[in-house]
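Down below is the structure, laid out as structure tokens.
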Amino acid sequence: MRFIIDKTENFRDKDLIAGFHGLGRVGYLVVRHIVEEMGAKRIGVIIPEEGFPPFISLKENMIVFPFEIYSINDLVFIVTHFQPYHHQRQFSEKLANWISEVGFRQVYLAGGVDARLKNTGHSDIRYVPTSKFTSEIETKSLLLEPGLLVAGPLALTVGFCELTDIPALAILAYADPVRPEPFAASVVVQDLSRFLNKEINTTHLIEDAARIERELEETRLQSQDEKEAPSGLKRLYI
């Protein structure tokens, strides 16, 4: 896997933030939001061994690659516009090796956990730290409960961080597994801002969450109207 990066960059003693398209797309939404909110600049791209997915796009007259690296001050971000579906193990292992080589101070991985598993009254956040992660965690009761599983590239990356002695923390918010969850992403951003000691506005994420809820409610009401309408009138609904 190749990391094509501006040669002037020095990552030692910086924090890395990454996330993937897992439950509720929480990880991706978190990283993309912070990058846009803080005005981070792209400093590189990642090309997996099998190549990146055959998709690119344009944003502000700049080509957007599937896997990009952004930076601002003491923070570095990996933005995965696509899930590394093929060879996830290799992608995560190479990523952890690179993290170890360049000397990041700590790594934060954002993601989601199935909201159907949340117990009433429990916090919206769960943590999965590696043994080398030394920053204070508010309470051990926020650790992921025994028996619950983290899956996909986030799980692999946490695992390889553990094996390579990288101080890393997965911050997981309860999320709906079948739709984007910007509100869950806002919960992770707020918690992450505490660890980073930085203020990060979450207004846009909360507004997106409200919009999605309105759209879902409109769809539900329309479906209900269609069911209740006389059979001769149903054809009027599109």
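Summary table below
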{"read-out": "From the options Ile43, Ile5, Ile34, residue that is surrounded by 14 or more Cβ atoms within 10 Å (Cβ to Cβ) and under 23 Å from Val128 (Cβ atoms)", "value": "Ile34"}
{"read-out": "Residues within segment 98-110 that are part of a loop (DSSP other than H, G, I, E, B) and either under 12 Å from Ile69 (Cβ atoms) or touching a Leu at 6+ places or on another chain (Cβ under 6 Å) (or both), tallied", "value": "1"}
{"read-out": "Residues of segment 124-148 that turn out to be surrounded by 15 or more Cβ atoms within 10 Å (Cβ to Cβ) and of a type in the set (S, T, N, Q), as a count", "value": "1"}
{"read-out": "Matching option when the condition is assigned to a strand (DSSP E or B), in contact with a strand residue (DSSP E or B) (Cβ under 6 Å, 6 or more places away or on another chain) and under 24 Å from Glu215 (Cα atoms), among Val113, Val188", "value": "Val113"}
{"read-out": "Subset of segment 106-123 (residues that are free of Cβ contacts under 8 Å to residues at least 60 places away in the same chain, touching a Ser or Thr at 6+ places or on another chain (Cβ under 9 Å) and surrounded by 14 or more Cβ atoms within 10 Å (Cβ to Cβ))", "value": "Ser123"}
{"read-out": "Count - residues of segment 19-38 that are of a type in the set (Gly, Ala, Ser) and in contact with an Asp or Glu (Cβ under 7 Å, 6 or more places away or on another chain)", "value": "1"}
{"read-out": "Residue match in segment 149-162 (condition: under 18 Å from the mean Cα position of the chain (by Cα), surrounded by fewer than 14 Cβ atoms within 10 Å (Cβ to Cβ) and over 21 Å from His33 (Cβ atoms))", "value": "yes"}
{"read-out": "Residue in segment 29-37 that is in contact (Cβ under 8 Å) with a residue 12 or more places away in the chain and in a strand (DSSP E or B) present", "value": "no"}
{"read-out": "Search result, residues across segment 68-95 that are outside any strand (DSSP E or B) and crowded, with 22+ Cβ neighbours inside 10 Å", "value": "Pro84, Phe91, Ser92, Leu95"}
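Each reported figure results from applying straightforward, stated rules to the coordinates on display, with no laboratory input. If you're wondering where the values come from, they're calculated on a predicted model, not measured in any experiment. Glycine also receives a Cβ, built like all others from the backbone with ideal geometry; neighbour counts cover every protein chain displayed.
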